[in-house]
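**Q** To start, I am sharing the structure in question, which I have written as structure tokens.
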Amino acid sequence: MSYSLHRTTAVLLVSALLAACATSPTGRRQLMLVSEDSAIASSAQAYVQEVGKLKQEGKLSSDKALIRRVNGITERLVAQAIVMRPDSAKWDWSVAVIEDPETVNAWCMAGGRMAIYTGLIDQIKPSDDEIAQVMGHEIGHALANHTAEKMSVAMASSIGVVAVGIAADNKGAAMAGAAAAAALAVTMPNSRTAETEADRIGIELAAKAGYNPAAAVTLWRKMNSLPGGQPPQFLSTHPNPENREKALAGLGPEMEPYYRADTPRPSHPVQSVTALN
Ligand SMILES: [Zn+2]
């Protein structure tokens, strides 16, 4: 190993340690090797690549009614996300509706870039309240900085992508490695703790946006009873559906006043990423 590589490694280690202490919105301590800002930058790059590819392949939805529906719901959730985390007002909030009837999934990257698959709509047939729970949960992952957490795991477990960039002293390659880690993070399972955190944030965002907290229970019940045996991607890491259902139902009384409150339910603009633009 050359001196400069030693030094680069040392610098990386020091900055990793500096970035290593973080606290999630629910007060949990997180180990971070990637700063949230760099997770957001890498996610932006990954999102543009992914969405560009989907568009080329004709896999973005052109269903105007569905697009309007998803956008209307996410805009109300995002308004509440910004109340919870004011600095997220500067995020490039956007949502892609992906035409893929086989995939029952949705996600939100660092920085508020979201997607929902038509498979979730076709197979779950969710109400607006239930879509709000799905997207609220995914937004919860982003607000709690779970992308950076998973990127940290991706980088720690396969430092190869990053190491190649460093060894070549090539900033472009290192950035491509980070974007790859960001793209990978979306497909990686969250920890059980992260899931519980996202559930809690999601049901609260939804209730404050005027969506029924009872829908959290019906949604996950529908998810769990999908035919085919294989649970949807974002259920596969949650080992105990009964516990989850109980926890969500237990949050109901606390959420009910937010849902019932006679207050306006504002919207915050969310860019629609579809076949129409
Ligand atoms: Zn999740």
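Each value in this text was obtained by applying a stated rule to the coordinates, not by laboratory testing. Note that the structure is predicted; figures quoted are calculated from it, not measured. Virtual Cβ from ideal backbone geometry, glycine too; neighbours counted across all protein chains shown.
**Q** Taking the C-alpha atoms of segment 36-273, how large are the radius of gyration and the largest Cα-Cα span, Dmax, in Å?
**A** Cα radius of gyration and Dmax of segment 36-273 are 17.6, 59 Å respectively.
**Q** When you count, for each residue, the other Cβ atoms within 10 Å and take the mean per peptide, how do 117-128, 191-202, 101-112 rank with the highest first? Please list the in-between numbers first.
**A** Numbers: 117-128: 17.8, 191-202: 20.2, 101-112: 22.2.
Per-residue mean Cβ counts within 10 Å order the peptides as 101-112, 191-202, 117-128.
**Q** Right, here's the next one. Please tell me which of these pairs span more than 26 angstrom C-alpha to C-alpha: Lys53/Lys222; Lys59/Lys125; Lys90/Lys150; Lys90/Lys222; Lys208/Lys246; Lys125/Lys208?
**A** Lys53/Lys222; Lys90/Lys222
**Q** Stokes-Einstein D for segment 96-147 at 37 °C, 0.692 mPa s, Kirkwood Rh over Cα pairs, in µm²/s?
**A** 297 µm²/s
**Q** Now a separate question. Please enumerate, by chain and number, the lysines with C-alpha under 19 Å from the C-alpha of Lys55, excluding those fewer than 8 residues away in the same chain.
**A** Lys64
**Q** Would you pull out the residues with amide H under 5 Å of Leu60's amide H, same chain only if 5 or more places away, H placed 1.01 Å from N?
**A** Glu99
**Q** Under a 5 Å amide H to amide H cut-off, with H placed in plane at 1.01 Å, what residues pair with Val273 once short-range neighbours are removed?
**A** Those qualifying (amide H under 5 Å, at least 5 residues apart or on another chain) are Val95, Ala96, Val97.
**Q** When you count, for each residue, the other Cβ atoms within 10 Å and take the mean per peptide, how do 42-54, 84-96 rank with the highest first?
**A** Descending mean neighbour count gives 42-54, 84-96.
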